[in-house]
Amino acid sequence: MVFDLKLESISELADLQQLAVHADKPVYIANADDSIRVDARSFLGLFALDYSKPMKVITDSLYVVRMLEIRQRAREAAMARA
C-alpha cells in the first residue's frame, strides 16, 4: 500500500520513525518520483529525503496505514477549527 504524506515538522518525522519501528511489516519512505527510498526505521536514512515536498509511505502493514489515516484526520480537523 502507498500512503501519500506531507510532514510538517521533525517531530512528525520522529513519530513516523517510531511507528515504523513497532510495525509488523517493513515500512519505506520515498520521494514523489520514487528515485530515493529509505527504510523508515533508520533515523539517519530518513534525512536523505527532502521533506519540503510530499512523500510516499510504502508498506503492507495495516497497522501503519491505519495510524497514518488517524493522524491525517486529526490534522485536518485541527486545520478546520483554525
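The values are calculated or read from the model by the stated rules, or taken from the named source; none is laboratory data. Nothing here was measured: the structure is a model prediction, and the numbers come from that model. As a convention, Cβ positions derive from the backbone with ideal geometry for all residues, glycine included, and neighbour counts pool all protein chains shown.
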Answer yes or no: is there a residue in segment 18-34 that is free of Cβ contacts under 8 Å to residues at least 60 places away in the same chain, part of a strand (DSSP E or B), closer than 16 Å to VAL2 by Cβ and in contact with a Leu (Cβ under 7 Å, 6 or more places away or on another chain). yes
Starting from segment 36-59, take each residue that is without any contact (Cβ under 8 Å) to a residue 40 or more places away in the chain and of a type in the set (A, V, I, L, M) and list its partners that are assigned to a loop (DSSP other than H, G, I, E, B) and surrounded by 16 or more Cβ atoms within 10 Å (Cβ to Cβ), counting only C-beta distances under 9 angstrom and pairs at least six apart or across chains. ILE36/LEU49; VAL38/LEU49; ALA40/ALA23; LEU46/ALA40
Hey, among the residues in segment 10-50 that are β-branched (Val, Ile, Thr), farther than 15 Å from MET67 by Cβ and surrounded by fewer than 15 Cβ atoms within 10 Å (Cβ to Cβ), which one's modelled with the highest pLDDT? ILE36
Looking at LEU7, is it part of a helix (DSSP H, G or I), out of contact with any Cys (no Cβ under 6 Å at 6 or more places or on another chain) and either aromatic (Phe, Trp, Tyr) or surrounded by 15 or more Cβ atoms within 10 Å (Cβ to Cβ) (or both)? no
